[in-house]
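To start, the structure under review is shown below, and the notes come after it.
Rule-based calculations on the coordinates, nothing more; no lab input. For clarity, every value in this text was computed on a predicted model and none was experimentally measured. Don't worry about glycine lacking a Cβ; one is built from the backbone with ideal geometry, like all the others, and counts go over all protein chains shown.
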């Protein structure tokens, strides 16, 4: 009968050792998962801040563009004085006597651009 008790005792100790090992592995994996979750949350907060700043800068650029359009002065730009960041610089790119593109730019597929829309292209 001692042999049966020894086998049972050995099997029980082995099962308990496996259980302890599984608990340790689970705790380690849970710790790694928690650390990754915290890192992901930190990255998300960082990206959220970047997006907030980007949207704010975009809105500043839009406002500066609108104000420069309202000024209506060709060739004049505007700046955001607070950050000294150039927002928009408009320049007059037209050359006197050149209101239309050169002939090679006004042709598509060897056809001359007459400004008319073909029936195929009209929708």
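Could you order peptides 55-64, 13-22 by the average number of other Cβ atoms within 10 Å of their residues, highest first?
55-64, 13-22
So between residue 52 and residue 71, what do we pick up on full extension, going 0.36 nm a residue minus the alpha carbon distance?
Length difference between fully extended and current span is 4.0 nm.
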